Structures are given as structure tokens and as C-alpha cells.
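Peer 1: First the structure, which I've put down as C-alpha cells, then a few questions once you've had a look.
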Amino acid sequence: MSIVARWQAAAALLLATAPSAHAAVAVIGSLTHERVVEPGRTYKGTITVRNLGRAPEDVKIYLTDYRFTADGTVFYDEPAGNQPRSSGKWVTLSRSILSIPPGGSAKVGYSLAVPNDTSLKGTYWCVVMVEGLGPSVAPGAPIGKGKRVAMGIRQVFRYAVQIVSHIGDTGERKMQMVARLTREGQKRLLQIDVANTGERWLRGRLLVQLFRVDGQAAGKFDAGGVRVYPGTSTRRSVDITAVKPGKYRALIIADAGDDDVYGVTYTVILEGGKKG
């Protein structure tokens with residue numbers, strides 16, 4: 001496999017407006033509840049939500065499925081339980097609405113009932129969505145002495161609490177990596193797509209090592225951590241702008257711990273030329 005990069009003039013126009021805002025509610029503790037489970041057993045957990053604002057806050061609690069792809073697309077599918085590896089139908093929430101006073105907190109419990117099915121293997125998951133609804137003012141309601149209509153734009157903040165269940169130590173562990181050279185402004189990047197093609201959740205560290213044709217090391221790069229569910233993919237990039245033009249062998253390694261180490265090699269050709 002060979003990748004060729006050429007310095008080319010590029011221009012991009014980005015127009016964006018992002019109003020400053022702060023979430024009134026927050027989930028306290030980890031946003032990932034991970035456990036090893038057994039078929040036929042039931043497990044319980046608790047999510048704590050705090051109101052950081054100065055007014056009472058209503059919070060909606062509901063379940064969704066969760067998946068993502070390397071191009072940055074994220075799906076929160078409703079109703080939960082329709083994806084092949086969803087545990088949405090295993091989870092029961094104790095409450096669907098919380099009313100939290102200013103500075104206060106509330107808890108929502110959940111029960112995870114794993115089906116008594118010996119064919120289950122690998123990782124199953126879903127998401128408990130925690131969504132701040134804001135003060136209870138109906139749209140178009142008159143407010144104040146002048147009876148003016150309440151109008152405005154409300155930003156919705158949601159926390160996705162991942163409920164991850166591993167069936168014992170079962171499930172095939174399998175990863176696929178694809179690399180390409182790309183540009184981001186004046187930067188030259190080695191872009192790596194990591195896909196979980198197995199049955200069990202994989203997480204670890206992604207490293208890239210470059211070698212010259214004579215075998216000498218030309219650079220080591222840390223592409224950061226990766227965490228991919230079965231059937232999902234994610235993307236990481238390393239900046240190789242400072243690497244001199246030439247032909248290299250790129251060794252890409254994903255270390256998922258224990259004996260789960262995955263690697264792929266690419267031939268990378270970096271061509272010189274005038275930047276920009």
C-alpha cells in the first residue's frame with residue numbers, strides 16, 4: 001500500500017458563530033458505567049445529576065442507542081434496543097423526569113437485566129441520556145405585568161452516560177486500520193481510521209513509527225487513545241509536517257492491552273515542494 005502527498009495551495013473559509021453558554025445541570029461521576037456481566041443476572045446502578053444554576057431545573061432521563069463512524073458522525077438512535085448489540089431493552093430506569101432545586105442534586109437508578117441467553121457474547125451497550133429542560137415556562141406564555149409573550153432561543157445540554165456490558169471474557173477481538181495522507185491548512189497529517197470488526201469493545205493507545213528505507217527510525221508519534229465498540233469506527237491523526245521529503249515505512253500499532261496488539265504497515269512517500 002502506498003500513499004503520496006504533494007504540497008498544494010489550499011484555502012478554506014470557515015464561518016461560525018457560537019454563543020457563550022453554560023449547562024445548568026451536570027452528571028456527577030463517570031460518564032461510562034462498565035461491567036462484566038453474566039446471562040440471567042440483574043445489575044443495578046445509579047446516576048447522580050446536580051443543578052448548577054440559580055433556578056429550579058427539570059431534567060429528562062431516557063434511553064438511546066449509540067454508534068459513531070470515523071467521519072465524525074454520531075448517532076443516538078431512538079427508541080433504544082434496535083441496534084444489533086444494543087442493551088437498551090435490558091435497562092429499566094427508575095425515573096424519567098427529575099425536578100432539581102438550585103444547587104441541589106437528584107439520583108436516578110437503573111436496572112440492567114441480562115437475558116438468560118447462552119448465545120450472548122462480546123460487548124453490548126446503550127446510553128442513558130440526561131437532558132436539561134430548563135425552567136418550566138410554556139412557549140408563548142405571557143410573563144410579567146405587561147403580559148408580554150416569552151420568546152427566545154434555548155440551548156439544550158445533554159449528557160450521554162454509556163452503559164457497557166461485557167459478557168464474561170467472550171467475543172472475538174478484531175480491529176482494522178486504514179491510513180491516508182491529508183492536509184489541514186499548512187499541516188501535513190497521517191490520518192488513521194480505526195474500525196472494530198469484532199464482537200468486543202476495544203480501547204487502547206495508537207502509535208505511529210516512521211522508518212527510512214535503510215531501516216533507521218525517522219520519528220515516533222502518539223495518535224492518542226482509541227475506544228471503539230463493535231461495528232463502530234473512529235479517526236485519529238498525527239502531524240508529520242516536520243518530516244523531510246522521502247520514502248518511509250509507517251508502522252501503525254494499536255495497543256489494546258493484554259495480548260491485544262494490532263499493527264499494519266504502509267509505504268509513505270512524502271514529496272517536497274513549495275508550501276501553500
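The values are calculated or read from the model by the stated rules, or taken from the named source; none is laboratory data. Bear in mind the structure is a predicted one, so any value in this text is a computation, not a measurement. Reconstructed Cβ throughout: ideal geometry from the backbone, glycine too, with neighbour counts over all protein chains shown. All accessible areas refer to the heavy atoms of the entire protein, side chains included, with ligands and DNA or RNA removed. Shrake-Rupley method; radii C 1.70, N 1.55, O 1.52, S 1.80 Å.
Peer 1: For the structure I just gave you, tell me whether Arg54 is more than 20 Å from Gly109 (Cα to Cα), basic (Lys, Arg) and either at pLDDT 95 or above or part of a loop (DSSP other than H, G, I, E, B) (or both).
Peer 2: When the stated conditions are applied, Arg54 passes them.
Peer 1: Still on this structure: Would you mind stating whether Ser111 is farther than 26 Å from Thr170 by Cα, surrounded by 13 or more Cβ atoms within 10 Å (Cβ to Cβ) and modelled with pLDDT of 95 or more?
Peer 2: So Ser111 fails the test.
Peer 1: Considering only residues that are surrounded by 13 or more Cβ atoms within 10 Å (Cβ to Cβ) and on the phi > 0 side of the Ramachandran plot, which ones fall in region 62-81?
Peer 2: Selection gives Gly81 alone.
Peer 1: Within region 114-144, work out how many residues are at pLDDT below 95, of a type in the set (A, V, I, L, M) and within 21 Å of Val59 (Cβ to Cβ).
Peer 2: Final tally of qualifying residues: 4.
Peer 1: What single numbered condition from (1) open to solvent by less than 40 Å² (accessible area, probe 1.4 Å); (2) assigned to a strand (DSSP E or B) fails to hold for Arg35?
Peer 2: The one condition Arg35 does not meet is (1).
Peer 1: Moving to a separate point now. For Gly88, all conditions in the list (1) open to solvent by less than 20 Å² (accessible area, probe 1.4 Å); (2) more than 19 Å from the chain's Cα centre (by Cα); (3) without any contact (Cβ under 8 Å) to a residue 60 or more places away in the chain hold save one; what is the number of the exception?
Peer 2: Unmet condition: (2).
Peer 1: Considering Ile240, Ile253, Ile269, which residue is under 25 Å from Arg173 (Cα atoms) and modelled with pLDDT of 90 or more?
Peer 2: Only one candidate passes the filter, namely Ile253.
Peer 1: Also, quick follow-up: Surrounded by fewer than 16 Cβ atoms within 10 Å (Cβ to Cβ), closer than 17 Å to Phe157 by Cα and among the hydroxyl-bearing types (Ser, Thr, Tyr), is that true of Ser119?
Peer 2: Criteria not met by Ser119.
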